[in-house]
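Below is one structure, written out as structure tokens; comments come after it.
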Amino acid sequence: MKDLSVNKTYGTFTSDTEVRFERLLPGPIETVWEYLTDSEKRGTWLAKGDMELKVGGKVELNFLHSSLSDEKTYPDRFKAMENGISGVETVTAIDAPRLLSFTWHPDSEVSFELVERGEDVLLTLRHRKLTDENGKLMVSSGWHTHLDILVSKLYKESVPKFWQTFAQYETSYEEKLKTIVKK
């Protein structure tokens with residue numbers, strides 16, 4: 001039996017400006033790569049949008065969180081995102097199907113590394129250049145929630161409610177960040 005406990009672990013703050021997540025996903029690696037790069041598949045767990053798969057290429061991210069789960073109500077503080085929110089980023093590194101990195105608004109960068117582990121694929125997500133505490137909180141809570149949805153999609157399990165899950169993680173990461181700041 002596979003040990004999928006990595007899929008439940010919290011992100012690790014590897015420095016003052018970086019959070020890292022690991023998830024073990026069912027392969028093959030090409031399928032996981034498609035969930036990172038294909039607009040329709042990426043749109044089921046993160047955001048739709050065209051992606052030019054070359055360094056310097058454009059990455060369109062069109063977030064519509066209500067399309068990710070059956071939860072349609074947005075928390076009041078996120079009501080401005082109810083009809084979607086978009087951004088355009090830039091590919092900074094690519095080595096298909098093993099590595100994809102791109103900028104992240106406003107001044108940070110996210111990378112996805114894929115490594116085959118037998119029939120499975122270990123996804124390592126790193127979000128770097130996080131400079132403020134609120135950004136660290138939003139990014140860590142957001143990625144954890146989005147990755148939960150990706151895991152659910154690839155394992156064909158029920159999808160967690162986005163905002164409910166986000167709120168739970170936000171509370172946990174807020175506590176984690178407090179302990180990091182004290183060190």
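The values are calculated or read from the model by the stated rules, or taken from the named source; none is laboratory data. The model shown is predicted, which means the values in this text are computed figures rather than measured ones. Cβ coordinates were reconstructed from backbone atoms using ideal geometry, including for glycine residues, and neighbour counts include every protein chain displayed. Note: accessible area is taken over every heavy atom of the protein model, side chains too, but ligands, DNA and RNA are not part of it. Shrake-Rupley method; radii C 1.70, N 1.55, O 1.52, S 1.80 Å.
Outside any helix (DSSP H, G or I) and at negative phi, is that true of Lys54? It would help to see each step written out before you state the result.
Working: outside any helix (DSSP H, G or I): yes; at negative phi: yes.
Criteria met by Lys54.
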Top-ranked residue in segment 105-127 [being over 16 Å from the mean Cα position of the chain (by Cα) and among the charged types (D, E, K, R); ranked as least open to solvent (accessible area, probe 1.4 Å)]
Asp120
Pairing a residue in segment 133-149 that is closer than 16 Å to Ser66 by Cα with any residue that is in a helix (DSSP H, G or I) and open to solvent by 20 Å² or more (accessible area, probe 1.4 Å), where Cβ atoms lie under 7 Å and the two sit 6 or more apart in sequence or on different chains, gives Thr145/Tyr169
In contact with a Ser or Thr (Cβ under 9 Å, 6 or more places away or on another chain), within 17 Å of Arg20 (Cα to Cα) and at pLDDT 95 or above, is that true of Leu114?
yes
Any hit, segment 15-22, residues being part of a strand (DSSP E or B), at pLDDT below 95 and out of contact with any Pro (no Cβ under 8 Å at 6 or more places or on another chain):
yes
(1) open to solvent by 60 Å² or more (accessible area, probe 1.4 Å); (2) assigned to a loop (DSSP other than H, G, I, E, B): which one isn't true of Thr44, the others all being true?
(1)
Reported set for segment 1-41 where residues are among the hydroxyl-bearing types (Ser, Thr, Tyr), touching a Phe, Trp or Tyr at 6+ places or on another chain (Cβ under 9 Å) and in contact (Cβ under 8 Å) with a residue 12 or more places away in the chain is Thr9, Tyr10, Tyr35
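What's the total number of residues in segment 133-156 that are closer than 16 Å to Arg42 by Cα, open to solvent by less than 50 Å² (accessible area, probe 1.4 Å) and not small (Gly, Ala, Ser)? Steps first, please.
So the first thing to find is which residues in segment 133-156 are closer than 16 Å to Arg42 by Cα, and the list is 142-156.
Filter again for open to solvent by less than 50 Å² (accessible area, probe 1.4 Å), leaving 142-152, 154.
Restricting the remaining residues to those that are not small (Gly, Ala, Ser) gives 143-151, 154.
Of the residues in that region, 10 qualify.
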Criterion first (of a type outside the set (Asp, Glu) and open to solvent by less than 20 Å² (accessible area, probe 1.4 Å)) does Ser69 satisfy it?
yes
If you take the residues in segment 166-183 that are open to solvent by less than 20 Å² (accessible area, probe 1.4 Å) and either closer than 18 Å to Thr14 by Cβ or not in a helix (DSSP H, G or I) (or both), which one is modelled with the lowest pLDDT?
Leu177
Can you say whether Trp163 is buried (at least 16 other Cβ atoms within 10 Å of the Cβ), among the hydrophobic types (A, V, I, L, M, F, W, C) and under 22 Å from Met51 (Cβ atoms), as far as the supplied structure shows?
no
Hits in segment 77-101 - residues which are modelled with pLDDT of 95 or more, of a type in the set (Asp, Glu) and open to solvent by 50 Å² or more (accessible area, probe 1.4 Å)
Asp95
Unmet requirement for Leu130, which otherwise passes all of (1) open to solvent by 80 Å² or more (accessible area, probe 1.4 Å); (2) under 20 Å from Glu18 (Cβ atoms); (3) assigned to a loop (DSSP other than H, G, I, E, B):
(1)
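More than 17 Å from the chain's Cα centre (by Cα) and either of a type in the set (D, E, K, R) or part of a strand (DSSP E or B) (or both), is that true of Lys72?
Working: more than 17 Å from the chain's Cα centre (by Cα): yes; either of a type in the set (D, E, K, R) or part of a strand (DSSP E or B) (or both): yes.
Considered against the rule, which asks whether it is more than 17 Å from the chain's Cα centre (by Cα) and either of a type in the set (D, E, K, R) or part of a strand (DSSP E or B) (or both), Lys72 comes out as yes.
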